[in-house]
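Heads up, the thing below is written out as structure tokens.
Derivation of every value follows stated rules applied to the coordinates shown; laboratory data play no part. In this text the structure is predicted, and so the values were computed from the model without any measurement. Don't worry about glycine lacking a Cβ; one is built from the backbone with ideal geometry, like all the others, and counts go over all protein chains shown.
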Amino acid sequence: MGWDRGAATVHSDTEGYDGPLQMVDENMPQIWMTYDELATLSGCTPAEARMRAMHLSLDRRKSRDGATRVKLDLALTAKFFASIREADLDLDGVIAALQSTHRQMANLLAPTGFRERGAT
């Protein structure tokens with residue numbers, strides 16, 4: 001699929017969200033998508049995605065960026081997670097790159113004396 005899976009963000013509150021993935025309950029994520037994102041997930045146009053959201057009575061909210069987002073129901077959430085599982089992601093490579101970046105940033109941010117003590 002051509003939509004940006006990296007745009008999903010996790011938030012702990014329900015007010016003022018800006019991203020499509022929001023954690024309200026520790027075990028149950030809420031996925032919020034724009035009509036464009038929902039259209040890509042569903043294989044339809046944004047207008048059809050809007051009509052589908054209305055037909056399914058999905059929760060809709062305006063986010064701070066001005067875009068309307070809809071909360072996916074259980075079936076659409078399952079479809080979203082299935083699309084991520086099917087994606088050809090190099091998770092090991094991504095994790096290694098993040099760990100390397102973290103080490104580099106930690107070295108840059110550590111006080112000089114601490115770096116010297118840690119190096120001995």
Any chance you could run the full-extension gain for Thr101 through Arg61? It's 0.36 nm times the residue separation minus the Cα-Cα distance, nm to one decimal.
10.9 nm
Residues of region 63-89 with amide N under 15 Å of a point placed 7 Å along Cα→Cβ from Ser42
68-80
